[in-house]
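Undergrad: Mind having a look at this structure? Questions to follow.
No value in this document is a laboratory result; all are computed from the given coordinates. Because the structure is a prediction, the values reported are computed rather than measured. Backbone-built Cβ (ideal geometry, glycine too); neighbour counts: all protein chains shown.
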Amino acid sequence: MNDTPNEHSDSVISPSGVDAAASSPAEDQAVTKMRMLLAQVNTALIGQESVVKQVLLALLSNGHVLLEGVPGLGKTLLVRALAKTFSGDFKRIQFTPDLMPSDVTGHVVFDLQNKSFQMNHGPVFTNLLLADEINRAPAKSQAALLEVMQEKQVTTEGESRKVPLPFMVLATQNPLEQEGTYPLPEAELDRFLIKVVIQFPSVADEIRLTKLITQGQVGDNNSIASINPVVTAAELLAYQQQVADIAIDDQVVDYAVRIVRATRTHPSIFRGAGSRASIGLVRIAKANAFLEGRHFVLPDDVKNLAVAVLQHRIALTPDVEIEGLSAADVLQQLLQDVEAPRQ
């Protein structure tokens with residue numbers, strides 16, 4: 001779309017009652033800080049600017065992220081770099097075939113000294129949780145995250161315990177073609193706001209990365225020592241509320257819902273996305289508007305993020321998979337068929 005804000009000032013772009021030019025000092029500071037955060041993470045993960053931006057949008061949307069890519073593309077590095085920009089708590093779980101659900105959520109033990117049961121909190125009681133190589137563990141262990149991802153709480157021995165807020169799961173996974181991987185349950189996939197596929201960097205970026213790592217440094221890990229905290233947990237919660245308050249015209253909401261519903265009738269899609277996808281698409285579109293300094297959502301905010309929100313929520317028909325088409329390929333075709341709102 002080549003629409004400009006002026007062309008839509010009456011309805012789609014600037015809903016009634018919204019002053020596109022007005023912004024408070026607090027809002028300006030929030031956008032400035034989040035852009036600083038974005039820039040810092042980009043110094044660690046070279047050549048993956050779009051990936052870093054999508055992860056940041058999910059953070060602003062109070063959503064979870066599934067990062068997929070072959071080993072060595074910086075999935076774990078991205079999460080570690082993001083954690084350093086955030087002054088809240090960060091914990092990591094290395095998923096393995098022998099991981100137990102209690103290793104994730106924690107468990108209740110009997111304290112002989114106090115003669116009472118005590119809760120040993122698992123690593124999910126944090127702000128940012130890295131679930132590293134999540135599909136290296138079987139479904140039973142993966143499912144330990146189901147409740148906490150949706151309800152921000154863990155139930156053990158009949159008692160529910162809230163996790164700290166903000167709470168975000170960033171899970172990395174290797175492609176299913178890799179040896180020793182398990183597919184994620186559909187219910188868990190649906191709880192991830194977006195799936196981001198990390199591709200190989202360009203030639204220029206790979207040269208820049210190689211020079212950076214091999215000049216005066218022992219080992220092959222990109223350093224994140226220069227990254228400093230940018231936001232606190234309280235600030236991030238406030239920014240998430242600002243994102244939630246972003247205005248969105250009814251026509252743009254209708255556009256997001258029509259995109260999601262189109263996945264349920266498309267001939268190349270065996271299983272379409274549910275209503276959680278519509279909600280997630282609107283939420284992350286608001287976050288994109290916020291990061292760009294707007295108080296309203298454009299149709300392009302929805303369109304440009306639809307693939308990330310939907311690609312892990314659909315299943316393709318066997319004949320399409322045989323042709324070698326990916327979910328992203330089919331979704332790009334679908335987006336061409338769904339008409340975007342105009343004036």
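Undergrad: For the chain, what is the convex hull (Cα atoms) projected area averaged across all directions, in square nanometres? Don't jump to the answer; show the numbers that get you there.
TA: Details: hull surface 83.5 nm².
Directional mean of the projected Cα hull area for the chain stands at 20.9 nm².
Undergrad: Any idea how far apart MET119 and LYS53 come out in nm if each label point goes 7 Å out from Cα toward Cβ?
TA: Label-label distance for MET119 and LYS53, simple model: 4.0 nm.
Undergrad: Rank by packing, highest mean first: peptides 273-284, 158-169, 39-50, with packing defined as the count of other Cβ atoms within 10 Å averaged across residues.
TA: On the way: 273-284: 21.0, 158-169: 16.1, 39-50: 19.1.
Peptide ranking by packing, descending: 273-284, 39-50, 158-169.
Undergrad: Please label the shape of region 204-343 as rounded, prolate or oblate, based on the square roots a ≥ b ≥ c of the eigenvalues of the alpha-carbon gyration tensor (a/c under 1.5 means rounded; beyond that, a/b larger than b/c means prolate, else oblate). Mind dumping the intermediate values first?
TA: On the way: a/c = 2.56, a/b = 1.30, b/c = 1.97.
Oblate shape, in that a/c is at least 1.5 and b/c is the bigger or equal ratio.
Undergrad: Could I ask something else about it? Mind pulling the angle between the C-alpha long axis of helix 75-84 and the longest principal axis of the chain? Nearest 10 degrees, somewhere in 0 to 90.
TA: So the helix axis and the longest Cα principal axis differ by about 90 degrees.
Undergrad: Once the Cβ-Cβ distance between ALA39 and THR317 is put in as r, and R0 is 30 Å, what FRET efficiency do you end up with, to the nearest 0.05? Walk me through the intermediate numbers first.
TA: Numbers: r = 42 Å, r/R0 = 1.40.
Calculated value: 0.10.
Undergrad: Label PHE270 and SER226 with points 7 Å out from Cα along Cα→Cβ: what is the distance between them in nm?
TA: 4.8
Undergrad: Just subtract the alpha-carbon distance of LEU212 and LYS162 from 0.36 nm times their residue separation and send over the number in nm, one decimal. Mind showing how you got there, number by number?
TA: Details: separation 50, 0.36 × 50 = 18.00 nm, distance 4.21 nm.
Additional length available on full extension: 13.8 nm.
Undergrad: Give me the percent of DSSP beta bridges within the chain that run antiparallel, rounded to the nearest 5. Walk me through the intermediate numbers first.
TA: Numbers: 12 of 31 bridges.
Looking only at bridges with both residues in the chain, the antiparallel portion is about 40 percent.
Undergrad: Give me, ordered by chain and number, the residues 5 or more places off GLN153 or on other chains with an amide H under 5 Å from its own placed amide H.
TA: When sequence neighbours closer than 5 places are left aside, the close amide H contacts are VAL148, VAL163.
Undergrad: What ranking, highest mean first, results for peptides 256-262, 318-324, 296-302 when packing means the other Cβ atoms within 10 Å averaged over each residue?
TA: On the way: 256-262: 20.6, 318-324: 11.3, 296-302: 23.9.
Highest to lowest by the protection proxy: 296-302, 256-262, 318-324.
Undergrad: Can you say what percent of the DSSP beta bridges in region 118-173, counting only those with both residues inside, are antiparallel? Round to 5. Each step should come with its number before you reach the end.
TA: Numbers: 4 of 8 bridges.
That works out to approximately 50 percent antiparallel.
Undergrad: What does the helix-only formula give at 222 nm for the chain: each DSSP H stretch with n ≥ 4 adding -39500 (n - 2.57), the total divided by the residues, and the result rounded to the nearest 500 deg cm²/dmol? List each step's numbers first, then the result.
TA: Numbers: 14 runs with 143 residues, N = 343.
After summing the helix terms and dividing by residue count, I get -12500 deg cm²/dmol.
Undergrad: Evaluate the relative contact order of the chain (contact order divided by residue number), counting alpha-carbon pairs under 8 angstrom at least 6 apart; express in whole percent.
TA: That works out to 23 percent.
Undergrad: What's the extension gain from ASP337 to ASP111 if we count 0.36 nm per residue and subtract their Cα-Cα distance? Walk me through the numbers on the way to the answer.
TA: Details: separation 226, 0.36 × 226 = 81.36 nm, distance 6.20 nm.
Computed gain between ASP337 and ASP111 is 75.2 nm.
Undergrad: Nearest 10 degrees is fine. How inclined is helix 275-291 to the longest principal axis of the chain, computing both from alpha carbons?
TA: 80
Undergrad: Give LYS211/LYS303; LYS91/LYS115; LYS33/LYS140; LYS140/LYS211; LYS84/LYS211; LYS140/LYS195 a once-over and call out the pairs whose C-alpha atoms are over 32 Å from each other. Don't skip to the answer; put the middle values down first.
TA: Values: LYS211/LYS303 36 Å; LYS91/LYS115 30 Å; LYS33/LYS140 39 Å; LYS140/LYS211 43 Å; LYS84/LYS211 24 Å; LYS140/LYS195 21 Å.
Flagged as over cut-off: LYS211/LYS303; LYS33/LYS140; LYS140/LYS211.
Undergrad: Please find the FRET efficiency linking ALA238 to ASP89, where r is the Cβ-Cβ separation and R0 is fixed at 25 Å, and quote it to the nearest 0.05.
TA: With R0 = 25 Å, the Cβ-Cβ based efficiency is 0.90.
Undergrad: Taking amide H atoms as placed 1.01 Å from N in the peptide plane, list the residues 5 or more away in sequence, or in a different chain, whose amide H sits under 5 Å from that of PHE270.
TA: Amide H to amide H, under 5 Å and 5 or more residues apart or across chains, PHE270 pairs with ALA315, LEU316, THR317.
Undergrad: Further question: Enter the angle in degrees (range 0 to 90, nearest 10) between the Cα long axis of helix 49-60 and the first principal axis of the Cα atoms of the chain, meaning the one along which they spread out most.
TA: Helix 49-60 and the main axis of the chain meet at about 80 degrees.
Undergrad: Length gain on complete extension for the stretch SER202 to GLU147, per 0.36 nm per residue less the alpha carbon to alpha carbon distance?
TA: Between SER202 and GLU147, full extension yields 15.9 nm more.
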